[in-house]
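Written out below as structure tokens is the structure these notes cover.
The values are calculated or read from the model by the stated rules, or taken from the named source; none is laboratory data. Owing to the predicted nature of the structure, the values given are computational and were not obtained by experimental measurement. Every residue, glycine as well, gets a Cβ built from its backbone with ideal geometry; the counts of neighbours run over all protein chains shown.
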Amino acid sequence: MDGVYDRLARGIYGVLGNNALLADADGAEELMSMQTKLFPNGLANVNRTYLEESGKMALIKGRLTEDDRQLLATVPHMDGSLLNAVEKWCGPTSPAAFNWIDSIHLPLRRPIRR
């Protein structure tokens, strides 16, 4: 699942950046602003584990305004609009869905003495 999440992140990041290269100045600024909103640390997050990312996707999804959603809906890709891809990326298969892992308290193992 981590591979799917990473692939979606890279694809969304790339589509926003590549479309910004083709847009006029105002459109490019909007797309790059969206890229920064969704990826404040660039693509560094794809190198993190699910536990490290837990909960961050819900925060990202919560930052999206209706104007952001409308912008994403205007960017086409093979499976619909970029909004579809972002919702899939932030959806139940994202690291946010694994918040329950943080609530598990495993007993500490005693170190082996030799």
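Within the stretch 68-92, track down each residue that is under 12 Å from the mean Cα position of the chain (by Cα), assigned to a helix (DSSP H, G or I) and either modelled with pLDDT under 90 or not aliphatic (A, V, I, L, M) (or both).
Glu87, Lys88, Trp89, Cys90
For Ala28, indicate whether it is on the phi < 0 side of the Ramachandran plot, hydrophobic (A, V, I, L, M, F, W, C) and at pLDDT below 95. So that I can check it myself, show each step before the final result.
Numbers: on the phi < 0 side of the Ramachandran plot: yes; hydrophobic (A, V, I, L, M, F, W, C): yes; at pLDDT below 95: no.
So Ala28 fails the test.
Do we find that Tyr5 is at pLDDT 90 or above, crowded, with 16+ Cβ neighbours inside 10 Å and within 10 Å of the chain's Cα centre (by Cα) in this structure? Spell out the reasoning first.
On the way: at pLDDT 90 or above: no; crowded, with 16+ Cβ neighbours inside 10 Å: yes; within 10 Å of the chain's Cα centre (by Cα): yes.
It is false that Tyr5 is at pLDDT 90 or above, crowded, with 16+ Cβ neighbours inside 10 Å and within 10 Å of the chain's Cα centre (by Cα).
Assuming Thr65 fulfils every condition listed in (1) surrounded by 14 or more Cβ atoms within 10 Å (Cβ to Cβ); (2) modelled with pLDDT of 85 or more; (3) among the β-branched types (Val, Ile, Thr) apart from one, which condition is it?
(1)
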